[in-house]
1. Cβ under 15 Å from B:G19's Cβ, B:G19 left aside: what net charge do those residues give with Lys, Arg +1 and Asp, Glu -1?
2. Along the charge dipole of chain B, which of B:T145, B:S160, B:G191 sits closest to the positive end, that is, farthest toward it, with unit charges on the beta carbon of Lys, Arg, Asp and Glu (+1, +1, -1, -1)?
3. Under a Cβ-Cβ cut-off of 15 Å, what is the net charge of the residues other than B:D46 that fall near it, where Lys and Arg count +1 and Asp and Glu count -1?
4. Between the stretch B:218-244 and the stretch B:136-214, what is the separation of their alpha carbon centroids in Å?
5. What value, in deg cm²/dmol to 500, does the helix sum -39500 (n - 2.57) over DSSP H runs of n ≥ 4 give at 222 nm once divided by the residues of chain B?
6. For the pairing of chain B with chain A, what total accessible surface becomes buried, with a 1.4 angstrom probe, in square angstrom to the nearest 100?
7. Probe of 1.4 angstrom, ligands and nucleic acids ignored: what's the accessible area per residue over the stretch B:111-259, in square angstrom?
8. Report, as an integer, the average count of C-beta atoms from other chains found within 10 Å of each Cβ along A:135-141.
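The values are calculated or read from the model by the stated rules, or taken from the named source; none is laboratory data. Everything numeric here is computed off the predicted structure, so don't read it as measured data. Using ideal geometry, Cβ is built from the backbone for each residue, glycine included, and neighbour counts are taken over all protein chains shown. The area values use the complete protein model at the heavy-atom level, side chains included, leaving out ligands, DNA and RNA. Shrake-Rupley method; radii C 1.70, N 1.55, O 1.52, S 1.80 Å.
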Amino acid sequence: MTKKTLNFIGIAFVALFLQLTLSRWLSIQEIKPDFLVIAIIIIAQTEGVLAGEIFGFIIGLIADGIGLSVLFGLSAFSKTIVGFLGGFLENKKSSLNPFYYYFIIITIILIHYIILYTIYYNTGQMSLQIKMLRYVLPSTIYTSIFYILLDNIIPIRR
Amino acid sequence: MFRQIYNLVYDAIDYIVFGILLLAAFVILLSGNSPQIRKLQGNITDTFAFLAYPKHLIKKTTGLIQENKKLRRENLRLKQRNSRFIEAYKENQRYEKLLGFTDSIDYEVLPCRVINFNSMAIGKSLMIDAGKVDNVTNNLPVVCTDGVVGKVVSAGETTSTVQIMKDVNYRLSIRFRDSRELGILRSRDNGVLEVREIPSTSVVHPGEEVITSGFSNIYPADLRVGKVKEIRQSKNGRYQIATIESYVDFRSLEEVFVILEYKND
């Protein structure tokens, strides 16, 4: 097993452990940070599109199993897209304006939550505006704050 | 020629793999109820469950847990029996001739610990420390001493996933205890429990107890569900909508029971 694979496994376990132990305590009005999305973006932008999307799919599938998603496969679907999009930032962080860089990261996280909540709350009871204001935007902001904090404490580099 | 195809595939490998993975995820999502997919989910839950309960493993080794299990089982049995007695009393009032009504309720329950609850962004579910080795299978009812919690949606070998009542995709056939009206309980997107389409002529009232109807293949009759918090007319005035308050405090849920077998009258 290569060092890179071990790194992937290590990051996946840390992210899953944080998600399972901390997310409930950090929850504000049912809005939780998604440490798995953060881990996928980190892997994707350090290792590229292919690694990012495969990592996203696997960790998403694990999250669906262990994270108790009733819609099994939904996290795998949304997190594969995160890995794919995050991969386009490979080695671009230093060349991008920080605001532009974080704007892209936040957009990726936003896309993830739009997919997640649109499919999960596909009951027709809630309008798109309410979904966005009640779930998508708060979740995006909360997860982005954690990403930005983490990125500034442990700068992400290859 | 082959070199060109190879180069083409090599250049587009990111997109090809992306397409395959998306398709795989989509297929898994669409076939979520198939036994194979539920088995896969159960296996994943089993494999990674250790991340969710390091503290629980230590507690499980102590003998006190066995004793607690026994007591909790007895407690639940008595509470459910009590609920059944209230029901029998009301039936007796309505049908005076049925004085010889006998109570034949009998649940075979399995006490379990909740080892993880609702840790992802979506879904309202919890993980319990019982699986196929304890005879837990999909679609078994899960209750606690306060009332109905949900049902098993994915049973692994040693752990299982339980869909709770507050999940938007959950449905439960219920009966209002006093008015005898039937309905389907569902959760709104914001987690509020509701029973819609109650005829306008029904006299469902706030505070009225809600119990399981027994018409479902999953739940036995007369399990406590909650009470009516509010009753209002629908916008078109054709029916009433009842908001239900569950007896269960899902945030502090630590122990639940899986009903492995039950007998109804």
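1. Values: positive: none; negative: A:E53, B:D11, B:D14.
With Lys, Arg at +1 and Asp, Glu at -1, the net is -3.
2. Toward the positive end, the furthest listed residue is B:G191.
3. Working: positive: B:R38, B:K39, B:K132; negative: A:D64, B:D129, B:D134, B:E157.
Summing Lys and Arg as +1 and Asp and Glu as -1 gives -1.
4. Between the Cα centre of the stretch B:218-244 and that of the stretch B:136-214, the gap is 10 Å.
5. -10000 deg cm²/dmol
6. In total, this chain pair buries about 4400 Å².
7. On the way: 5310 Å² over 149 residues.
Accessible area per residue, the stretch B:111-259: 36 Å².
8. On the way: counts 4, 1, 0, 0, 2, 0, 0.
Mean partner-chain Cβ count within 10 Å for A:135-141: 1.
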